[in-house]
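Structure record follows, encoded as structure tokens.
The values are calculated or read from the model by the stated rules, or taken from the named source; none is laboratory data. This is a predicted model, so every value here is computed, not measured. Here the Cβ is made from the backbone with ideal geometry for all residues, glycine too, and neighbour counts use every protein chain on show.
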Amino acid sequence: MGKIIVILGPTSSGKSSVAISLAQKFRGEIISADSRQIYRGMDVGTGKITKAEQKMAKHYGVDIISPKTDYNASKFKKYADKIIADILKRGKVPIICGGTGFWIKAIIDNVVYPEVAPNWELRNKLRNYSAEKLFKMLQKLDPVRAKNIDAKNPVRLIRAIEICKTLGKVPAIYELRNERKYETLQIGINLPQKKLYENINKRLKKRFKLGMIEEVKKLHFNDKISWKKLQSFGLGYSLIPKYIQGEIKSKEELFEKIFQAEKNYAKRQMTWFKKDSRIIWLENYLEIIKETTKFLLNNP
């Protein structure tokens with residue numbers, strides 16, 4: 001059974017720098033498990049790994065599709081499994097790095113998702129609904145799935161409703177799980193909340209300076225990505241269109257709203273991750289090296 005390392009944690013926790021350091025030390029290659037960084041042209045707003053950083057360690061799962069394309073955990077799993085198999089075949093270490101817990105779980109637990117084709121008529125209708133209304137719809141259709149979904153993520157909510165409309169309910173993950181393919185070490189980057197919020201604030205200021213607002217304008221006016229589609233990506237991409245259209249009156253107000261949205265997102269990420277007792281939570285880099293070395297050298 002191949003061994004893989006997972007570096008996870010909330011937004012702005014420093015996952016990428018840790019993953020790059022581990023890749024350099026242990027002959028690793030990195031698969032990004034970030035549900036927004038896969039999209040081309042969404043660079044500043046996602047805090048995407050830079051070209052310079054990608055030269056420091058081989059990266060996969062970055063800039064692979066257009067924002068116009070619908071993507072999900074099932075597609076990501078198929079993509080990642082092929083990449084992981086190739087990395088292992090070449091005698092290197094696959095390192096999954098990201099904060100999208102649903103995607104990470106798909107890989108480490110070898111979750112098989114229901115093959116339900118997109119219902120575009122239904123999707124186009126549901127995209128006009130708020131996350132709150134979508135969540136209430138899902139609660140009526142499948143109360144069990146509603147208990148463990150991100151209630152503020154319209155993309156996930158729409159997909160769950162779509163599956164319910166087709167199958168009657170969203171099949172429980174444990175009913176679809178196959179034997180696991182990999183032996184996995186999951187390390188969570190454990191920052192004190194105050195430090196994490198400082199990081200979020202600092203990174204957001206940097207993204208504003210780099211042209212976060214201008215990026216959204218380009219995506220809409222040049223690349224023809226609709227406001228609805230952009231807003232489906234959440235966080236800044238849901239709020240900047242409101243600023244451009246005049247609903248949010250100032251950059252200061254916009255900054256505060258995005259800052260609060262990212263703090264709330266970090267809380268939701270941690271709520272998801274804390275459900276998995278297998279994750280080893282560390283902050284000290286030397287401890288991370290120690291755990292990684294022990295894992296890679298252990299031959300059961």
Any hit, segment 97-114, residues being assigned to a strand (DSSP E or B), among the β-branched types (Val, Ile, Thr) and modelled with pLDDT of 85 or more: no
Residue check, Ile240 within 16 Å of Arg36 (Cβ to Cβ) and touching a Gly at 6+ places or on another chain (Cβ under 9 Å): yes
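Sort out which residues of segment 252-288 are in contact with a Leu (Cβ under 8 Å, 6 or more places away or on another chain) and in a helix (DSSP H, G or I), and write them in order of number. Outline the logic, then answer.
Applying the first criterion (in contact with a Leu (Cβ under 8 Å, 6 or more places away or on another chain)) to segment 252-288 yields 254-255, 257-259, 261-262, 265-266, 273, 279-280, 283, 288.
Scanning segment 252-288 gives Leu254, Phe255, Lys257, Ile258, Phe259, Ala261, Glu262, Tyr265, Ala266, Phe273, Ile288.
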Residue in segment 116-154 that is farthest from Gly236 (Cα to Cα), counting only those that are outside any helix (DSSP H, G or I) and charged (D, E, K, R): Asp142
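Based on what the data block shows, is Leu230 in contact with a helix residue (DSSP H, G or I) (Cβ under 7 Å, 6 or more places away or on another chain) and free of Cβ contacts under 8 Å to residues at least 24 places away in the same chain? Talk me through it step by step, then tell me what you get.
Details: in contact with a helix residue (DSSP H, G or I) (Cβ under 7 Å, 6 or more places away or on another chain): yes; free of Cβ contacts under 8 Å to residues at least 24 places away in the same chain: no.
Taking the combined requirement at face value, the residue does not satisfy it.
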Search result, residues across segment 58-95 that are in a loop (DSSP other than H, G, I, E, B), surrounded by fewer than 21 Cβ atoms within 10 Å (Cβ to Cβ) and among the small types (Gly, Ala, Ser): Ser66, Gly91
Residues of segment 37-57 classified as charged (D, E, K, R), more than 17 Å from Asn222 (Cβ to Cβ) and buried (at least 20 other Cβ atoms within 10 Å of the Cβ), total: 1
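Scanning segment 155-209 for residues that are in a helix (DSSP H, G or I) and β-branched (Val, Ile, Thr), which turns out modelled with the highest pLDDT? Before the answer, list the steps.
Within segment 155-209, the subset in a helix (DSSP H, G or I) is 155-167, 173-176, 193-209.
Now restrict to residues that are β-branched (Val, Ile, Thr): 155, 158, 161, 163, 166, 173, 200.
Values: Val155: 80, Ile158: 88, Ile161: 89, Ile163: 85, Thr166: 81, Ile173: 51, Ile200: 97.
Among residues in segment 155-209 that are in a helix (DSSP H, G or I) and β-branched (Val, Ile, Thr), the one modelled with the highest pLDDT is Ile200.
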Long-range neighbours under 6 Å by Cβ, at least six apart or interchain, first residue more than 14 Å from Leu138 (Cβ to Cβ) within segment 161-182, second in a loop (DSSP other than H, G, I, E, B) and at pLDDT 80 or above: Ile173/Val111; Arg177/Asp109; Arg177/Val111; Asn178/Asn110; Arg180/Asn110; Lys181/Asn110
Checklist (1) over 24 Å from Asp276 (Cβ atoms); (2) within 19 Å of the chain's Cα centre (by Cα); (3) crowded, with 16+ Cβ neighbours inside 10 Å applied to Ala33, failing item: (1)
Restricting segment 18-56 to residues that are in a helix (DSSP H, G or I) and at pLDDT below 95, the residue that is nearest to Ala73 (Cα to Cα): Gln54
